[in-house]
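These notes concern the structure reproduced below.
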Amino acid sequence: MENPSANSLIDPDYKAAIPESIGTIETSLHTVNGRICVGSAYVNDATHYALLRLKDNGELDTTFGKQGLTTGSFGRTQSLIYSVTELDDGALLVIGLTSEGSYFFDGVPVLARFTKDGTLDENFQGKGYVIIERPEGLKQEPRVLPLKKEQLKQEQSESKQNPSLSNNYPIRCVGDKILVLGNYFGLNCVLMTFDLNGNRDGFTELKRSDDTWLHGLNLHASEEAILICARIYNDLGLPNGGCVVSLTPEGEYSPGFGTDGVANFPTALKTVENFLVLPAAKRIIGCGMGESREGVLVAMTTKGGEDDFRFSQLRDYSLGWNQLVAFSPQRADSRLLAAGVWNNRINAPMLLGRFCADGKLDDSFGDGGTKDILLDDMISTAARRCEIDSNGKTLVHCMSTKSTAIAYGTLIRCLTAISD
């Protein structure tokens with residue numbers, strides 16, 4: 001479907017050569033050898049994990065993996081990768097999911113290591129990966145009945161988003177430690193630490209003092225604290241707000257932050273999708289949807305987790321925001337860019353919005369602050385992750401679908417630079 005007005009935001013000078021077998025591009029990482037993209041691929045009617053490497057001009061680097069692509073399984077029917085980081089020796093450390101079902105709701109996290117050229121490093125845990133089971137001593141029986149799982153899958157279908165995948169930064173390397181967020185359906189998220197050989201050496205269960213359970217979405221680590229963005233689910237398995245959990249570097253709940261180390265986002269945010277920590281602005285911004293599936297941005301303070309009412313709680317009743325990045329995160333006055341998806345259209349384009357530091361739309365961008373993107377021949381386009389490069393352009397990792405409901409992973413570069 002031709003959509004010249006909406007797609008005028010796409011940079012015509014960049015075209016990523018993504019193989020047609022790729023189902024999702026969850027995220028990517030720029031390295032000295034090129035950009036590593038991770039996600040999933042269709043292999044013999046199953047979903048396998050996928051890694052590929054692009055040259056700076058977007059061409060597929062055929063020296064990586066097998067003709068530019070590495071696919072495989074983490075031991076179960078369905079597998080994917082949704083986050084990647086690079087070690088000092090150039091090796092690639094990834095976090096993924098593997099599941100026996102067609103959905104990843106009952107999947108378990110996987111930690112794997114690949115060489116810099118895309119080969120699974122079998123010296124890591126003897127086979128290249130380790131399935132991360134929930135630590136012993138913690139509750140193992142999900143709080144949600146199997147019937148409720150179907151309700152949650154329906155919630156996913158209706159919102160045109162995938163709440164089971166964090167697709168942000170659920171893995172961090174801090175010195176010689178690896179921080180990993182592990183999610184287990186119906187149970188509280190667990191923050192775990194591993195050594196560089198993949199051996200778990202510590203964990204903290206993330207929980208509130210009620211009957212809800214937390215699904216970890218993103219983490220931010222510094223010398224002062226570890227901040228985790230989590231979605232709150234009620235005992236029916238439905239989203240019921242969002243929160244930030246603050247831990248000390250040793251994994252203890254931070255005193256003075258929220259209540260016992262847990263601070264809720266303002267109640268306008270019913271389904272949190274992501275957060276952005278801006279230390280210079282002393283602000284944590286959450287994005288997602290409200291009670292009526294309207295797009296919402298809210299904020300709290302970094303020091304104590306109090307609601308930050310200086311930040312405009314923007315609502316748009318036709319879309320949901322799921323990604324949020326800053327142009328200059330080291331500055332308190334940095335403008336922001338959010339990506340979302342329309343909820344009230346048959347053809348669901350992706351939407352990019354640019355905001356001032358106080359949360360108000362930057363009307364110098366697009367059409368009053370926002371702009372649509374709907375890739376040709378697709379009926380929907382949704383952002384998985386956004387990254388602003390040094391020129392102010394935005395790389396958007398997308399999942400698009402055709403009328404056949406088959407998903408295709410894409411990577412586009414958008415003209416979002418600030419001119420003033």
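Each reported figure results from applying straightforward, stated rules to the coordinates on display, with no laboratory input. Model, not experiment: these values are computed from the prediction. Every residue, glycine as well, gets a Cβ built from its backbone with ideal geometry; the counts of neighbours run over all protein chains shown.
With runs of 4+ DSSP H residues as the only contributors, calculate the mean residue ellipticity of the chain at 222 nm using -39,500 (n - 2.57) per run, divided by the residue total and rounded to the nearest 500. Please report the intermediate quantities before stating the final value.
Details: 1 runs with 14 residues, N = 420.
Calculated mean residue ellipticity at 222 nm is -1000 deg cm²/dmol.
List every residue whose amide H lies under 5 Å from the amide H of residue 297, counting only residues 5 or more places away in sequence or on a different chain, with H placed 1.01 Å from N in the peptide plane.
Amide H neighbours of residue 297: 314.
Could you put 236, 29, 374 in order, starting from the residue whose Cβ has the fewest other Cβ atoms within 10 Å?
Numbers: 236 13, 29 17, 374 22.
Placing the least packed residue first, the sequence is 236, 29, 374.
Spelling out what I want: for every residue of the stretch 222-235, take phi, set θ = phi - 60°, compute 6.51 cos²θ - 1.76 cosθ + 1.60 (Karplus), and round to whole Hz; glycine and proline get x.
Once θ is set to phi - 60°, the couplings for the stretch 222-235 become 9, 5, 8, 6, 10, 10, 10, 8, 9, 8, 8, 10, 8, 6 Hz.
Tell me which of 41, 137, 111 sits at the most positive position along the dipole axis of the chain, charges placed on C-beta atoms (Lys, Arg +1; Asp, Glu -1).
Positive-end residue among those listed: 41.
Past the 21 Å Cα-Cα mark, which pairs from 139/207; 139/270; 15/55; 177/303?
Values: 139/207 12 Å; 139/270 26 Å; 15/55 11 Å; 177/303 25 Å.
The pairs that break the limit, which is 21 Å between Cα atoms, are 139/270; 177/303.
Give the span of the stretch 1-63's Cα atoms along each principal axis, as three whole-Å numbers ordered largest to smallest.
36, 33, 18
Over all directions, how big on average is the projection of the convex hull of the alpha-carbon atoms in the stretch 350-420, in square nanometres?
Numbers: hull surface 21.0 nm².
So the mean shadow area of the Cα hull is 5.2 nm².
With a 10 Å Cβ neighbour count serving as the proxy for reagent exposure, in which order, fewest first, do 83, 99 appear? Before the final figure, lay out the partial values.
Details: 83 24, 99 20.
In order of increasing Cβ crowding within 10 Å: 99, 83.
Can you pull the percent of Cα pairs in the stretch 61-128 with separation above 20 Å?
The proportion of pairs with Cα distances above 20 Å equals 29 percent.
Starting from the amide H of residue 27, placed 1.01 Å from N in the peptide plane, find each other amide H under 5 Å away whose residue is 5 or more places distant or on another chain.
38
Rank 184, 274, 214 by how far each Cα sits towards the positive end of the charge dipole of the stretch 169-314 (+1 on Lys, Arg Cβ; -1 on Asp, Glu Cβ) and give me just the farthest.
274
Suppose every Lys and Arg Cβ carries +1 and every Asp and Glu Cβ carries -1, with no other charges. What dipole size does the stretch 1-123 come out with about its Cα centre, to the nearest 20 debye?
Numbers: 8 positive and 17 negative charges, 21 e Å.
In debye, rounded to 20, the stretch 1-123 gives about 100.
Name the aspartates and glutamates eligible as straight-distance cross-link partners of residue 360: C-alpha to C-alpha under 18 Å, and not fewer than 8 places from it in the same chain.
Those aspartates and glutamates meeting the cut-off are 294, 307, 308, 316, 333, 420.
If amide H atoms are built 1.01 Å from N in the plane of the peptide, which residues on other chains or at least 5 residues away come under 5 Å of the amide H of residue 414?
Those qualifying (amide H under 5 Å, at least 5 residues apart or on another chain) are 11, 394, 395, 396.
Which of rounded, prolate, oblate describes the stretch 213-359, given a ≥ b ≥ c as roots of the alpha-carbon gyration tensor eigenvalues and a/c under 1.5 marking rounded, otherwise prolate only if a/b is larger than b/c? Can you show the working numbers first?
Values: a/c = 2.02, a/b = 1.30, b/c = 1.55.
Oblate is the answer for the stretch 213-359, as a/c is 1.5 or above yet b/c matches or exceeds a/b.
For the chain, build the charge dipole from Cβ charges (+1 Lys, Arg; -1 Asp, Glu) around the Cα centre, then report which of 227, 249, 27 sits farthest towards its positive end.
Most positive-ward Cα: 27.
What order do you get for 192, 350, 289 when you list them from fewest to most C-beta neighbours inside 10 Å? Provide the component values of the computation, followed by the final result.
Values: 192 22, 350 29, 289 26.
Ranking 192, 350, 289 by Cβ neighbours within 10 Å, fewest first, gives 192, 289, 350.
I'd like the chymotrypsin sites (Phe, Trp or Tyr not before Pro) in the stretch 274-315 restricted to DSSP loop residues with at most 16 other Cβ atoms within 10 Å, sorted by number. Present the calculation step by step, with values, prior to reporting the outcome.
Numbers: sites: 275, 309, 311; in loops: 309, 311.
Counting only loop positions with at most 16 other Cβ atoms within 10 Å, the chymotrypsin sites (Phe, Trp or Tyr not before Pro) in the stretch 274-315 are 309.
Once you order the gyration tensor axes a ≥ b ≥ c over the Cα atoms, which shape class does the chain get: rounded for a/c under 1.5, otherwise prolate or oblate by comparing a/b with b/c?
Values: a/c = 1.30, a/b = 1.01, b/c = 1.28.
The shape class here is rounded.
Can you tell me the dipole magnitude for the chain around its Cα centre, using point charges on the Cβ only (Lys, Arg +1; Asp, Glu -1), in Debye to the nearest 20?
Details: 40 positive and 53 negative charges, 73 e Å.
Dipole size: approximately 360 debye.
Using θ = phi - 60° and the Karplus form 6.51 cos²θ - 1.76 cosθ + 1.60, what ³J(HN,Hα) does each residue of the stretch 22-30 get, whole Hz, x for Gly and Pro?
6, x, 9, 10, 6, 6, 8, 9, 7
Explain nothing, just the number: dipole magnitude of the stretch 360-400 about its Cα centre with +1 on each Lys and Arg Cβ and -1 on each Asp and Glu Cβ, in debye rounded to the nearest 20. Don't jump to the answer; show the numbers that get you there.
Working: 5 positive and 8 negative charges, 42 e Å.
It works out to roughly 200 debye.
Residues of the stretch 319-359 with amide nitrogen under 20 Å from the 7 Å Cα-to-Cβ point of residue 11?
Residues passing the 20 Å test: 323-330, 335-340, 350-355.
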